[in-house]
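Scroll down for the structure; my scribbles are underneath it.
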Amino acid sequence: MSELKQKIQENKQRYLDELFDLLRIPSISADPAYKNDVLKTADEVAKRLKEAGAENVEICQTPGYPVVYADKIIDANKPTVLVYGHYDVQPADPFELWDSGPFEPVIKETPNHPQGAIFARGACDDKGQMYMHVKAFELMMQENSLPCNVKFMIEGEEEVGSKNLEWYVKRNHEKLACDVILISDTGMLANDTPSITAGLRGLAYMEVEVTGPNRDLHSGLYGGAVANPINILTKMIASLQDEDNKITIPGFYDNVEVLSKEDRAEMAKAPFSLENYKKALDIDDVHGETGYSTMERNSIRPTLDVNGIWGGYTGEGAKTVIASKAYAKISMRLVPHQTPEEISELFEKHFISIAPKSVKVKVTAHHGGLGYVTHTDNPAYVAASKAYETTFGKKPIPVRSGGSIPIVALFEQELKAKSILMGFGLDSDAIHSPNEHYGVFNYLKGIETIPYFYKFYAESH
């Protein structure tokens with residue numbers, strides 16, 4: 001392990017060149033026009049895993065894009081690490097907003113990446129972060145220092161909701177059996193402030209439809225006499241939160257996990273400037289649930305947000321109508337112990353109950369996912385923390401993310417194993433946006449840090 005840093009520097013250009021080869025393939029899972037490119041990327045990942053020293057390399061078919069599986073079993077008595085990542089990427093449009101070609105990777109300096117960053121779609125999410133694990137594994141194989149069994153499960157549909165991953169996992173419990181799941185599809189606070197994502201919120205996503213009259217009506221002839229679905233819908237939505245910005249749905253908070261003062265104090269160690277936050281968003285003040293800080297509001301507390309609302313006439317000029325229907329899409333971010341099924345049911349019951357008799361209401365539950373938390377005393381979390389401390393020279397801060405990664409909860413349900421989210425990207429890396437990038441420092445630091453996770457995790461068993 002002592003020569004690890006030197007080895008990485010010696011192989012730096014090759015590691016970059018190989019990643020660039022992957023980034024040049026437009027593996028956009030959302031667009032059927034790129035089907036062959038997605039399949040080509042799966043083949044390339046399988047090839048790289050085999051070259052790195054993995055065995056039993058398979059391209060496993062699913063009803064959608066394949067899962068790339070590989071493993072290296074050194075001793076049945078040693079712990080097994082399952083590495084998850086994805087090889088598909090978001091669409092690159094709007095192309096005109098890219099400063100360089102989205103599938104023509106280049107290295108450019110940025111304020112947060114003075115050593116240069118790799119600009120390309122998928123550089124951070126998730127080809128760059130996924131490929132760190134392949135190279136870290138290769139290093140351990142070359143040094144004959146792999147201390148654990150390792151399995152790889154790299155999917156091609158994460159950017160479209162991991163449509164068939166559950167199908168695959170449920171049919172391969174034995175193949176995927178492991179002690180811990182290692183994922184790099186998150187980020188950290190800063191290059192000089194490492195952090196580990198210890199929690200994720202869940203999600204319940206709803207669509208509502210409010211119907212008044214059986215057709216659009218002239219607002220002069222019928223206004224004031226017939227319910228206006230848009231007026232009603234906006235009143236109903238407004239009532240879902242009180243003056244303290246607490247959600248008013250009965251039973252909504254019944255199972256909410258309340259963090260201890262100690263846990264909240266540990267979270268508060270993360271550097272955060274409220275003024276910079278407001279400046280970055282061009283807002284005069286923040287807004288949220290009374291009694292919680294901004295960082296707590298967007299990570300450890302459940303929320304309700306309208307994601308879209310429509311109905312009636314929205315074209316140019318005026319058209320005086322009372323719309324027959326009004327619609328909204330509403331998402332609720334959930335915390336551990338809240339389930340999307342429970343919250344969806346509570347939402348539907350409440351939303352229908354508050355509707356006046358002058359309208360009809362339809363509520364549709366779309367997708368959802370469970371929240372997730374890994375406690376900092378978990379042996380795998382401790383191993384990850386030690387790994388960061390070894391390579392960064394300081395202990396990482398545990399953070400809770402406001403986002404949702406439903407597959408993490410799925411893995412725990414199906415494989416009975418915890419996930420460790422060792423992300424190395426930064427918030428500024430513009431994932432899903434034009435000019436997505438990933439720091440060269442972050443890429444190489446990930447390759448350096450991951451082997452230490454294996455080392456410390458093996459020692460804990």
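The values are calculated or read from the model by the stated rules, or taken from the named source; none is laboratory data. Quick caveat, the model's predicted, so the values are computed rather than measured. Don't worry about glycine lacking a Cβ; one is built from the backbone with ideal geometry, like all the others, and counts go over all protein chains shown.
Annotations for the structure displayed:
- Residue within the stretch 178-199 that is of a type in the set (Val, Ile, Thr), surrounded by fewer than 15 Cβ atoms within 10 Å (Cβ to Cβ) and not assigned by TED's automatic domain parsing to the domain that holds residue 341 present: yes
- The one condition from (1) over 25 Å from the mean Cα position of the chain (by Cα); (2) part of a strand (DSSP E or B); (3) within 30 Å of residue 415 (Cα to Cα) that residue 82 does not meet is (1).
- Within the stretch 153-171, residues that are acidic (Asp, Glu) sit with their Cβ atoms under 7 Å from residues that are at pLDDT below 95 and in a helix (DSSP H, G or I), at 6+ positions apart or across chains, in these pairs: 166/410.
- Exclusive hit being more than 32 Å from the chain's Cα centre (by Cα), surrounded by 15 or more Cβ atoms within 10 Å (Cβ to Cβ), modelled with pLDDT of 95 or more and under 25 Å from residue 352 (Cβ atoms), set 228, 245, 214: 228
- Residue in the stretch 410-461 that is surrounded by the fewest Cβ atoms within 10 Å (Cβ to Cβ), counting only those that are acidic (Asp, Glu) and in contact with a helix residue (DSSP H, G or I) (Cβ under 9 Å, 6 or more places away or on another chain): 459
- When residue 283 is tested against the conditions (1) of a type outside the set (Asp, Glu); (2) free of Cβ contacts under 8 Å to residues at least 12 places away in the same chain; (3) surrounded by fewer than 10 Cβ atoms within 10 Å (Cβ to Cβ), the lone failure is (3).
- Checked against the criterion of being under 30 Å from residue 458 (Cβ atoms) and touching a strand residue (DSSP E or B) at 6+ places or on another chain (Cβ under 9 Å), the candidates 172, 228 yield just one match: 172.
- Qualifying residue in the stretch 291-302 (condition: exposed (fewer than 13 other Cβ atoms within 10 Å of the Cβ), out of contact with any Phe, Trp or Tyr (no Cβ under 9 Å at 6 or more places or on another chain) and part of a loop (DSSP other than H, G, I, E, B)): yes
- Hey, residue 363 closer than 30 Å to residue 230 by Cβ and surrounded by 15 or more Cβ atoms within 10 Å (Cβ to Cβ) or not: yes
- Entry remark, the stretch 112-123: residues being part of a loop (DSSP other than H, G, I, E, B) and more than 10 Å from residue 89 (Cα to Cα) number 2 in total.
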